[in-house]
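Participant: Please see the structure below; I have some questions.
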Ligand SMILES: Cc1cc2nc3c(=O)[nH]c(=O)nc-3n(C[C@H](O)[C@H](O)[C@H](O)COP(=O)(O)OP(=O)(O)OC[C@H]3O[C@@H](n4cnc5c(N)ncnc54)[C@H](O)[C@@H]3O)c2cc1C
């Protein structure tokens, strides 16, 4: 029997491998990955400094240990370059052709690049995997001033983490307050205040422009004619599912690879899971959806078709100086009602006209109220 082939060794690929091991899987399993195949927990990359760790300490198991523990073949440093879905086979970057019985694309997402003008632009770093963090860590060793472009969820987590080191941290971006696409203004301002107290400086409501090298470090020109100087520039302006392989192979895509609720793509026996997938119209680049998906997909691949059902999934934002938990409102019709203090912690309830809880945000010491708010939430 041809194998089940999983492409990608991120949390999606490896979670599926674990789930398949928990079931009786008649087909052999092969996992192919473009990286080194180390098993690590990606969300911890934005807490490495405050945990006083290093990138390599994040590795929980090598690819060979994963292969041994899961009775799977794992092929590392190898990219899948094309799919021939009618013939159930794929081609690797070394020219080898591999047949599959069922194929799972768990190819993740890539950071969005700003591509600003200036001779320093190519030195701007972004972090979306362990290898990126290794490079960042090396450059950070010589950096006293770090500029973070992008005050979104990931940018704020990295800024928060860097504030635990003795470095000056400047956050830049057009957003009016931190994480403004996800959290309401009073909570964004509470985080900003807590991080300012730790030394963060801000250029919000203002996009960055050219990035040029100077004697030591870089000059970042802002659109309001201010200049920020930094030794290291980190860009965190979002991620986008990498769709090249899927598009070339004729799979239907939108923000991600389109799947139904069984994670089945538009081609027979081809599935998608994790950051690369758009499941029933939702591309959710978080851990909980991929864990739920991996469990259901393992059942499906072993002959017990199981659709994915997502429960309400609150997102924890690891800004430890003022942590946040948000369950985004499921409707736009309603109003935010806040209690608590921006200094210690706040509760924001999003209430419908009928005063029903349609979403919430908790910050600081009020994050402990999560279970209570989840009990109140009945969409
Ligand atoms: C700093 C940071 C903090 C985060 N914090 C949180 C958090 O607190 N909570 C939360 O829920 N989520 C968080 N996330 C998001 C979460 O980590 C991701 O949703 C999840 O790790 C995505 O896993 P994935 O396996 O889908 O993708 P990836 O981890 O991107 O893995 C993709 C894999 O595919 C391989 N690959 C890609 N293309 C090919 C190809 N053509 N051939 C072979 N291999 C290929 C890659 O090498 C890689 O192994 C965070 C993300 C970051 C960056």
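The values are calculated or read from the model by the stated rules, or taken from the named source; none is laboratory data. These numbers were taken from a predicted model, which means no experiment stands behind them. Glycine gets a Cβ as well: all are built from the backbone with ideal geometry, and neighbour counts include every protein chain shown.
Participant: Of everything in region 101-122, what is over 19 Å from residue 14 (Cα atoms) and in contact with a strand residue (DSSP E or B) (Cβ under 7 Å, 6 or more places away or on another chain)? Give them in sequence order.
Facilitator: Within region 101-122, 111, 112, 114, 116, 117, 118, 119, 120, 121 meet the criteria.
Participant: With respect to residue 287, is the statement that it is closer than 30 Å to residue 144 by Cα and either touching a helix residue (DSSP H, G or I) at 6+ places or on another chain (Cβ under 8 Å) or touching a residue at least 60 places away in the same chain (Cβ under 8 Å) (or both) true?
Facilitator: No, not satisfied.
Participant: Going through region 1-12 one residue at a time, which ones are surrounded by 14 or more Cβ atoms within 10 Å (Cβ to Cβ) and either out of contact with any helix residue (DSSP H, G or I) (no Cβ under 8 Å at 6 or more places or on another chain) or in a loop (DSSP other than H, G, I, E, B) (or both)?
Facilitator: Within region 1-12, 2, 3, 5, 8, 9, 10 meet the criteria.
Participant: Check region 310-328 and report whether any residue there is surrounded by 14 or more Cβ atoms within 10 Å (Cβ to Cβ), within 16 Å of the ligand (Cβ to nearest atom), in contact (Cβ under 8 Å) with a residue 12 or more places away in the chain and under 19 Å from residue 260 (Cβ atoms).
Facilitator: Yes, the conditions are met somewhere in region 310-328.
Participant: Taking the options 15, 82, name whichever one is part of a strand (DSSP E or B), touching a helix residue (DSSP H, G or I) at 6+ places or on another chain (Cβ under 7 Å) and touching a residue at least 60 places away in the same chain (Cβ under 8 Å).
Facilitator: One residue alone meets the criteria, 82.
Participant: For the subset of region 88-128 comprising residues that are more than 15 Å from the ligand (Cβ to nearest atom) and within 27 Å of residue 19 (Cα to Cα), which member is surrounded by the fewest Cβ atoms within 10 Å (Cβ to Cβ)?
Facilitator: This residue is 99.
Participant: Then there is this: What pairs come out if I take residues in region 333-346 that are at positive phi and pair them with residues that are surrounded by 13 or more Cβ atoms within 10 Å (Cβ to Cβ) and part of a loop (DSSP other than H, G, I, E, B) whose C-beta lies under 8 Å away, six or more apart or interchain?
Facilitator: 334/352; 345/322
Participant: Quick check, is residue 30 in contact (Cβ under 8 Å) with a residue 24 or more places away in the chain, in a loop (DSSP other than H, G, I, E, B), over 22 Å from residue 133 (Cβ atoms) and more than 7 Å from the ligand (Cβ to nearest atom)?
Facilitator: no
Participant: Evaluate region 152-172: report whether one residue or more is part of a loop (DSSP other than H, G, I, E, B) and modelled with pLDDT under 95.
Facilitator: Within region 152-172, one or more residues are part of a loop (DSSP other than H, G, I, E, B) and modelled with pLDDT under 95.
Participant: So if I check each of 339, 352, 331, which one is closer than 20 Å to residue 192 by Cα and not assigned by TED's automatic domain parsing to the domain that holds residue 102?
Facilitator: The conditions single out 339.
Participant: Moving on. Is it the case, given these coordinates, that residue 59 is within 9 Å of the ligand (Cβ to nearest atom), surrounded by fewer than 17 Cβ atoms within 10 Å (Cβ to Cβ) and not assigned by TED's automatic domain parsing to the domain that holds residue 162?
Facilitator: When the stated conditions are applied, residue 59 does not pass them.
Participant: Just to confirm my filter: which strands (runs of 3 or more DSSP E) fall fully inside region 202-292 and include at least 1 residues that are within 16 Å of the ligand (Cβ to nearest atom) and surrounded by 15 or more Cβ atoms within 10 Å (Cβ to Cβ)?
Facilitator: The strands (runs of 3 or more DSSP E) meeting that bar are 232-235, 239-241, 257-259, 270-272, 277-279.
Participant: For residue 68, which of the numbered conditions (1) free of Cβ contacts under 8 Å to residues at least 12 places away in the same chain; (2) under 24 Å from residue 246 (Cα atoms); (3) not in a loop (DSSP other than H, G, I, E, B) fails to hold?
Facilitator: Here residue 68 clears every test but (2).
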